[in-house]
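The values are calculated or read from the model by the stated rules, or taken from the named source; none is laboratory data. Since we're looking at a predicted model, the values are computed, not measured. Here Cβ is always computed from backbone atoms with ideal geometry, including for glycine, and neighbour counts include all displayed protein chains.
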Amino acid sequence: MTPAELLRLFPLALGTLVVPFDTALNVAFPAVTAAFGLPLPAIQWLIIAYVLTYGSLMLAVGRIGDIWGHARVFRFGLAWSAVALLLCSLAPSYGALLFCRFLQGIGAAFVIGCGAALATSLYPEAMRARALGAYAAAFAASGALGPLLGGMLVEAWGWQAVFWIRVPIALVALWLLRGLPAPPPREAPREAFDGWGALLLAAGLASLLLAINQRALPLFALAGLSLAGFIWRSLRVARPILDLGLFRRPGFARLNLASLLVNLAGFAVMLLVPFYLAQIAGLGPVLAGLLLASGHGGAMLGSALGGRLGGGRRVALAGAALGGCGLLLVALWGEDTPLLAMLASLTLQGFGIGLFTLAYTDLVTGTMPRENRGVAGSLTLLVRTLGVVLAASLLTLLFAAFAEFLAGFRAAFLVAGMLPLLALALLPRRDEDPHKLT
């Protein structure tokens, strides 16, 4: 892409920053628990309230964007996010903060649910992979800024700063996006939105994500009933939230399962490495933040390179292999591992997962019709969210099964490193490439 073409993406990337920059909140956890006098386990609800909300709404939001226009929905999400973030920073109690995080999750769903679709609409179809690569690189860069700047923000202005600092960013992005062209007028009447399907899907996904986190059988039962109702509804309406017939295409279901495994594995870094850096390596917050940011930096490079290579099956294969190798290198860390070795391991796993994520997003986007680009982008993010929630539950259980920290750490990363390699076998064969199914 030329500098002028990249500049076209800047307002979108700036607006999207309000979501991945939430990684700064991880650094603020100790300050939040101290401010409200919370026991350490209570902090998990700050994440659950947010992730459950945007995870359960993304597919419905993508469909709304396909009907009403991705730019319009994205701008609405930015305005909502600005208000929600301000309310988070003003929360007088932990209960109020959790409610405001729920509101923030709604805004995040509207922003990232249409972000990728909006990015592809700014460029010709021949530049789809590069547009997605640039957007994914900006997303990863925003995630890297969180741990880098979070500590400084909390030290200077308290935990509230990780929220209110994003309000002016959202407002500036809104102003820059005011000239974004409106979608062309429709020749046919506007499609109806399947509200009942959206409600069943949101209930099913929220119950499923919470059931995985809490390991509660009644919630699994509720999730099963709701998702069964969603499937029944989707098979009987003309334009469902998600065309389930896509999963009957050769390789499409396995492609999404492969992405689930890769994202499950990749979240091991944010879940366990911060504890290793503090307890075993004895690093302070600033240096630990720099090391954690190296994984996001690697993902940014991988996304950009994957876009230049055009995405596709080969890039996905390379990304899964490199990501798995990087995670297996982390499993070799000990008490005297040099900082340079840590940096190399985290950068390699981030680079590989960035490559894979770009290729996976491009394959899913290329498989679905252009008028369903919002749903395509939302589906990729939903699979990623499911992987993260599974990692938080399953890898924590595996880690806790060992009495000694390094033994649990190494076991968790040995399993995490094998999952992307398992995903290699699930990726579509050459004759099943989803690009050939459009």
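Quick notes on this structure:
- Restricted to region 324-334, and to residues there that are among the small types (Gly, Ala, Ser) and not in a helix (DSSP H, G or I), the residue that is surrounded by the fewest Cβ atoms within 10 Å (Cβ to Cβ) is 334.
- In region 296-310, the residues that are hydroxyl-bearing (Ser, Thr, Tyr) and buried (at least 18 other Cβ atoms within 10 Å of the Cβ) form Cβ pairs under 6 Å with partners that are at pLDDT 90 or above and in a helix (DSSP H, G or I), at six or more places apart or across chains, as follows: 303/354.
Residue-wise test of (1) modelled with pLDDT under 80; (2) charged (D, E, K, R); (3) more than 17 Å from residue 262 (Cα to Cα).
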position: 368; (1), (2), (3): yes, no, yes
position: 371; (1), (2), (3): yes, yes, yes
position: 375; (1), (2), (3): yes, no, yes
position: 385; (1), (2), (3): no, no, no
position: 390; (1), (2), (3): no, no, no
position: 407; (1), (2), (3): no, no, yes
position: 410; (1), (2), (3): no, yes, yes
position: 428; (1), (2), (3): yes, no, no
position: 432; (1), (2), (3): yes, yes, yes
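- One residue from 251, 266 being assigned by TED's automatic domain parsing to the domain that holds residue 323 and at pLDDT below 85: 251
- Yes/no for residue 321 being part of a helix (DSSP H, G or I), buried (at least 18 other Cβ atoms within 10 Å of the Cβ) and touching a helix residue (DSSP H, G or I) at 6+ places or on another chain (Cβ under 8 Å): no
- Test: residue in region 42-63 that is part of a loop (DSSP other than H, G, I, E, B) and either at pLDDT below 90 or outside the structural domain of residue 138 (by TED's automatic domain parsing) (or both): no
- Qualifying helices (runs of 4 or more DSSP H) (wholly inside region 1-40; at least 2 residues being of a type in the set (S, T, N, Q)): 24-36
- Condition check for residue 231: in the same structural domain as residue 345 (by TED's automatic domain parsing), surrounded by fewer than 19 Cβ atoms within 10 Å (Cβ to Cβ) and either in contact with a Ser or Thr (Cβ under 6 Å, 6 or more places away or on another chain) or of a type outside the set (Asp, Glu) (or both): no
- Restricting attention to region 146-171, the residues that are more than 15 Å from residue 111 (Cα to Cα), in a helix (DSSP H, G or I) and over 15 Å from the mean Cα position of the chain (by Cα) total 16.
Quick grid of which residues meet (1) in contact with a helix residue (DSSP H, G or I) (Cβ under 7 Å, 6 or more places away or on another chain); (2) in the same structural domain as residue 137 (by TED's automatic domain parsing); (3) crowded, with 22+ Cβ neighbours inside 10 Å:
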position: 336; (1), (2), (3): no, no, no
position: 341; (1), (2), (3): no, no, no
position: 345; (1), (2), (3): yes, no, yes
position: 350; (1), (2), (3): yes, no, yes
position: 360; (1), (2), (3): yes, no, yes
position: 378; (1), (2), (3): yes, no, yes
position: 386; (1), (2), (3): yes, no, no
position: 393; (1), (2), (3): yes, no, no
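- Residue 271 being modelled with pLDDT under 90 and either within 17 Å of the chain's Cα centre (by Cα) or aromatic (Phe, Trp, Tyr) (or both): yes
- Of all residues in region 214-227, those satisfying the criterion of being among the hydrophobic types (A, V, I, L, M, F, W, C) and either without any contact (Cβ under 8 Å) to a residue 24 or more places away in the chain or assigned by TED's automatic domain parsing to the domain that holds residue 389 (or both) are 216, 217, 219, 220, 221, 222, 223, 225.
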